[in-house]
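First the structure, in the form of structure tokens, and then the observations on it.
The values are calculated or read from the model by the stated rules, or taken from the named source; none is laboratory data. Here the structure is a predicted model, which is why all the values come from computation and not from measurement. Ideal geometry is used to build each Cβ from the backbone, glycine not excepted, and the neighbour counts take in all protein chains shown. Accessible surface is based on the protein model in full, side chains and every heavy atom, while ligands, DNA and RNA are left aside. Shrake-Rupley method; radii C 1.70, N 1.55, O 1.52, S 1.80 Å.
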Amino acid sequence: MTTEELRASLLSTSKNGYALLDARQKDEMEAYCKRYAAFMDACKTEREATAWTVKEAESRGFKALVPGMELKPGDKVYHNNRGKSILLAVIGKESLNQGVNICAAHIDSPRLDIKPNPLYEDSEIAYLKTHYYGGIKKYQWLTIPLALHGVVYRKDGEVVTVTIGEDASDPILVVSDLLPHLAGDQMQKTASQLIAGEQMNVILGSEPLEGDGENLTKLHIMKLLNEKYGLVESDFLSAELTIVPAGKCREVGLDRSLLGCYGHDDRVCAYAELEALFNLEVPTKTAVCILADKEEIGSVGISGMKSFCFETFIHDLCHCTGASLCRCFENSFCLSADVSNAFDPNFADTCDKLNNSRLNYGVAICKYTGSRGKSGASDASAEAMGHVRTTLDNAGVVWQIATLGKVDQGGGGTVAAYMADRNIVTVDAGVPVLAMHAPLEIVSKLDCYETMLACKAIYLA
């Protein structure tokens with residue numbers, strides 16, 4: 001054999017995904033990304049994503065799972081976990097004793113949560129006190145347009161939904177920063193100290209009510225909230241209110257090849273799972289889609305991936321079809337669909353270029369995450385990686401390999417370890433992201449599309 005023949009047969013090569021797509025696929029990609037962008041505009045919190053999914057699923061024939069109900073191949077069911085996470089399934093031809101094919105993503109994202117006693121006035125400016133949620137660079141959240149989303153359980157027992165800052169006629173909210181003229185001391189600090197967590201206070205207004213007494217600006221803000229939502233100050237004690245970046249998902253770049261918005265991590269994978277599931281007919285194995293909460297703080301709590309809610313859902317499916325939960329778990333496969341860090345030439349020294357995901361090279365398959373000595377990783381086996389590799393290749397999906405930066409640079413995790421703990425073979429995969437956990441993250445349209453195709457291939461495997 002010649003050198004070139006040996007090179008072609010023995011060495012691994014990768015191509016930019018645009019070299020592999022035909023005109024029809026590019027049109028499908030653009031249409032898919034428009035649908036995804038609309039989803040992102042409507043879903044900036046886990047509650048909004050869950051509500052959107054319930055409505056969309058029911059319009060496609062999904063029904064709430066009732067323990068003991070009769071299920072047959074092709075039936076579509078879901079379980080809404082307290083409005084903050086959701087599980088869906090399309091029943092397959094095989095017994096659940098043969099396992100299920102799972103795609104699992106999370107629908108929470110880093111943000112600023114409102115404290116239980118948040119409203120105060122200082123120097124005749126009204127503020128909300130916040131506690132940041134998940135891993136953020138605090139300085140990135142200063143002087144950008146912000147919006148208030150969430151629900152409040154009012155004193156009278158009614159639950160009201162709050163959204164301020166998204167409509168073009170709405171005011172926005174903001175966290176202020178120090179002017180450079182007076183920032184001599186501030187600029188000597190490390191990035192993590194540029195602003196303290198207790199300084200992440202959101203400006204609500206500055207106009208006092210007419211009259212005498214203290215806190216007239218705070219009273220004015222409370223009056224406005226009462227007129228619109230019927231709130232009194234004590235209602236903050238039973239509220240879930242969140243500050244997120246205001247604005248819509250936008251195309252990025254003169255060629256419009258990228259998408260920029262808040263919360264790609266990890267709703268970009270969540271939407272991929274959903275669209276793939278919604279377009280299934282009758283799979284061989286039952287297909288399960290998980291949209292979990294609380295991943296950004298360790299998958300804890302009643303709506304996180306560690307919750308027994310997942311066991312309950314699969315147990316109910318098994319009970320309805322005469323299968324064993326333990327047999328189902330040991331024969332199942334899970335694609336832990338979470339984002340990876342895309343290689344950024346501006347920060348090349350943080351990554352191993354040979355093993356880092358790149359924009360436009362397709363869905364990124366990650367054997368392990370974790371930090372340092374793979375701490376916190378599930379570390380997929382050769383057989384698990386081989387299953388994904390073969391499945392995606394047979395389906396014509398564009399994919400690449402990924403690791404999370406250089407060995408000692410940092411690290412992170414996904415829900416993969418918690419699925420593996422349940423005796424379910426699990427591999428991480430997802431969309432490469434630039435500026436992950438920033439108020440505006442960037443992804444490639446091509447990678448979004450290929451991740452949806454990967455989820456579909458896994459469901460059908």
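Distances between placed amide hydrogens fall under 5 Å for V162 paired with G150, V151, V152, all partners being 5 or more residues away or on another chain.
On full extension of the chain, what length is gained from D167 through E70, given 0.36 nm per residue of separation minus the C-alpha to C-alpha distance? Working shown, then result.
Working: separation 97, 0.36 × 97 = 34.92 nm, distance 4.41 nm.
In short, 30.5 nm is gained.
With the highest mean first, a sort of the peptides 253-259, 455-461, 378-384 on other beta-carbon atoms found within 10 angstrom per residue produces 455-461, 378-384, 253-259. What FRET efficiency comes out for the pair T190/D352, r = Cβ-Cβ distance, R0 = 30 Å, nearest 0.05? Computed FRET efficiency for T190 and D352: 0.75. Take the range 169-306 with all the other protein chains still there, run a 1.4 Å probe, and you get 50 Å² of accessible area per residue. Per residue, the range 66-118 exposes 36 Å² of solvent-accessible protein surface, assessed with a 1.4 angstrom probe and all protein chains in place. To the nearest 10, the accessible area of S12 is 120 Å² with a 1.4 Å probe.
What accessible area per residue, rounded to a whole number of Å², is obtained for the range 1-56 using a probe radius of 1.4 Å? Could the numbers behind the result be given before it?
Values: 3510 Å² over 56 residues.
Accessible surface, normalised per residue, equals 63 Å².
How far, in nm, would the chain grow between V232 and Q409 when pulled straight, counting 0.36 nm per residue and subtracting the alpha carbon separation? Display every interim value, and only then the final one.
Numbers: separation 177, 0.36 × 177 = 63.72 nm, distance 4.71 nm.
Length gained, V232 through Q409: 59.0 nm.
Dipole size in debye (nearest 20) for the chain around its Cα centre, Lys and Arg Cβ +1, Asp and Glu Cβ -1?
Numbers: 45 positive and 61 negative charges, 230 e Å.
Value, rounded to 20: 1100 debye.
Remark on L204: its backbone amide H falls under 5 Å from those of A126, Y127, L128, a criterion applied only to residues 5 or more positions apart or on other chains, H modelled at 1.01 Å from N. Compute the helix-to-body angle for 23-42: its Cα long axis versus the longest principal axis of the chain, expressed 0 to 90° and rounded to tens. Compared with the principal axis, the helix lies near 30 degrees. Classify the range 406-461: rounded, prolate or oblate, from the alpha-carbon gyration tensor (a ≥ b ≥ c, eigenvalue square roots; a/c under 1.5 rounded; otherwise prolate if a/b is larger than b/c)? Here the range 406-461 falls in the oblate category. Modelled this way, with points 7 Å down the Cα-to-C-beta line, the labels at E58 and K34 are 2.8 nm from one another.
I need the shape label for the range 102-233. Rule: rounded when a/c is under 1.5, else prolate if a/b > b/c, else oblate, with a, b, c from the alpha carbon gyration tensor. Oblate is the answer for the range 102-233, as a/c is 1.5 or above yet b/c matches or exceeds a/b. Could you give the angle, 0 to 90 degrees to the nearest 10, between helix 445-460's Cα long axis and the longest principal axis of the Cα atoms of the chain? Around 50 degrees separate the two axes. Just the protein heavy atoms count here, and of the accessible area of the chain at 1.4 Å, carbon and sulfur take up 52 percent. Amide H to amide H distances under 5 Å link Y361 with G17, where only residues 5 or more positions off or on other chains count and H is placed in the peptide plane.
Heavy-atom accessible area, probed at 1.4 angstrom with all protein chains present, ranks H79, H437 as H79, H437, highest first. Principal-axis analysis of the Cα atoms of the chain puts helix 216-229 at an angle of about 50° to the longest axis. Among the listed pairs K294/K374; K115/K218; K44/K294, a Cα-Cα separation exceeding 18 Å is found for K294/K374.
Which FRET efficiency value, to the nearest 0.05, is calculated for S14 and N279 with the Förster distance at 25 angstrom and r the Cβ-Cβ distance? Write down the numbers at each step before the final one.
Numbers: r = 28 Å, r/R0 = 1.12.
For S14 and N279, the calculated efficiency is 0.35.
Positive-end ranking of L88, N117, A147 along the dipole of the range 76-187, with charges on Cβ about the Cα centre, is headed by L88. Between the beta carbons of K155 and R327, assuming R0 = 41 Å, the FRET efficiency works out to 0.25 to the nearest 0.05. Here log10 I(q)/I(0) by the Debye sum over Cα atoms at q = 0.06, 0.11, 0.13 Å⁻¹ was computed from the coordinates, and among [x] -0.29, -0.91, -1.21; [y] -0.25, -0.88, -1.23; [z] -0.27, -0.81, -1.06 the match is [x].
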